[in-house]
């Protein structure tokens, strides 16, 4: 398979799979740890809240990353156009 062929997975699917695997592993670790049920439930509740908070901030972070990427691309394109114009007059 060459580098131009699609592997069948999008970047978003890979991120979801990675996060899902991490959450599953953390859940198994908590459930098999030598703690009381109350301690484990408290830890799971805290982890769920932390995950919710991170998920809530994700759209804002992605929007900022997209905007920064767009600005960088636009600046690079303008710079390239300026160089091409300068070279065409030389």
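Read the figures in this text as sums done on the coordinates, not as results from a lab. All figures in this text were calculated on a predicted structure; none of them were measured in a lab. Cβ: placed from backbone, ideal geometry, glycine included. Neighbour counts: every protein chain shown.
A few notes on this one:
- Placing a pseudo-label 7 Å from each Cα along the Cα-to-Cβ vector at residue 13 and residue 78 gives an inter-label distance of 3.8 nm.
- Between residue 54 and residue 39, residue separation times 0.36 nm minus the direct Cα-Cα distance comes to 3.1 nm.
- Tilt relative to the chain, helix 37-89 - C-alpha long axis, 0 to 90 degrees, to 10: 0
- Helix 11-32 vs. the chain, principal-axis angle (Cα, 0 to 90°, nearest 10): 20
- Structure-derived volume of the Cα convex hull per residue in Å³: which label, when the choices are [x] 104; [y] 147; [z] 157: [y]
- Highest-fluctuation residue, 64, 25, 12 considered, GNM on the chain with Cα pairs under 10 Å: 12
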